[in-house]
Amino acid sequence: MGMLEHRQFEKLDLNLLKVFEALWLHRNMTRVAESLNITPSAVSHAMRRFRDVLNDPLFVKEKQAMLPTAACERLAPSILQALADIRKALGAFNEFNPLYSHQRFVIAMQESLELGVLPTLLSTLQNKAPNVEIVSTRLHRDTMLADLSSRNLHLVIDIGRAVAAPIAHSLLRRDNYCVLMSKHNPLAQGLDKKKYLAAKHITVSNRVKGASVEEIALQQLGVSRPSQWRCQNYRAAADVVACSNALLTLPGSVADAVADSNLISAKLPYGLPALETHLYWHSQHEGEPGLIWLRDLMLHLFAESGHTR
């Protein structure tokens, strides 16, 4: 913006633009004053200020009407659109229309949960909120509160665990475990506890060592089931299982997401409690329309798709 243009812009205020818009629409000073609930002299003063800024008369009087100049006709569409955009933005402040929103939401989750969440969520948003931007990022539990407070994150998806205010949460889904294996695995003919424990296992975890969620659940039943292999995501683990005799114990929803013709799913021969996944958010942001809409959509969506093999 040049120096003259910058000075012009600094002299403008929203009231001048509103008077300009009204005069463009009504072409009559008296009707403009009535529509804006101000005096005719206030209309004249505002237009005089606007003319001084732009160095153009903008409107010229002809009989009882105020007719736009050529410069005014060039300027009007941009000003009218700008005012419309401002009204739209202010109107959207307290409401959320998913069909037209371009809002951006950042959701943190462990990589291992993405397969059970993103395909269902994003395919739904493609129809219900086609312009909404979703960013999935890795969850760092030690900074979760700070990230939610600062709005670096809008929502968190994690296994059920104890949290305190101001973090709020709700059950997202209960997911029963199953066992994935190659269709050529001899255990495809039948899997019992003894065979399960004797098999080679691959575990999905973001950590270098330590028991996985399903291994902890097994330990609580007094069952020790170490894994020989470990990787970071279920898609890679499923590919390993497809070309080996290893077993992959995983949530049923994830098994569905990675299923293909080379894999079969079997019932886990131990009665583990369902894996509870929760949705977490900051209670301070509970009144935000877009966040309320997305949160409620997800709670409804995954409650319906809960996996109960």
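The values are calculated or read from the model by the stated rules, or taken from the named source; none is laboratory data. Predicted model only: the values in this text are computed from it and were never measured. Using ideal geometry, Cβ is built from the backbone for each residue, glycine included, and neighbour counts are taken over all protein chains shown.
Annotations
- Annotation: of all residues in the stretch 146-182 being of a type in the set (A, V, I, L, M, F, W, C), buried (at least 17 other Cβ atoms within 10 Å of the Cβ) and outside any strand (DSSP E or B), the one that is modelled with the highest pLDDT is 153.
- Test: residue 241 is modelled with pLDDT of 95 or more, surrounded by 12 or more Cβ atoms within 10 Å (Cβ to Cβ) and in contact with a Pro (Cβ under 9 Å, 6 or more places away or on another chain): no
- Within the option set 122, 139, 172, being over 17 Å from residue 300 (Cβ atoms), touching a strand residue (DSSP E or B) at 6+ places or on another chain (Cβ under 9 Å) and among the hydrophobic types (A, V, I, L, M, F, W, C) holds for one residue only, 139.
- Annotation: residue 202 fulfils all but one of (1) free of Cβ contacts under 8 Å to residues at least 24 places away in the same chain; (2) outside any loop (DSSP other than H, G, I, E, B); (3) aliphatic (A, V, I, L, M); the unmet one is (1).
- Sole residue being modelled with pLDDT under 90 and part of a helix (DSSP H, G or I), chosen from 118, 113, 125: 113
- Here the stretch 244-275 is the region considered, the condition is being charged (D, E, K, R) and not in a loop (DSSP other than H, G, I, E, B), and the residue that is surrounded by the most Cβ atoms within 10 Å (Cβ to Cβ) is 256.
- Residue count, the stretch 227-238 (criterion: touching a His at 6+ places or on another chain (Cβ under 7 Å) and buried (at least 18 other Cβ atoms within 10 Å of the Cβ)): 1
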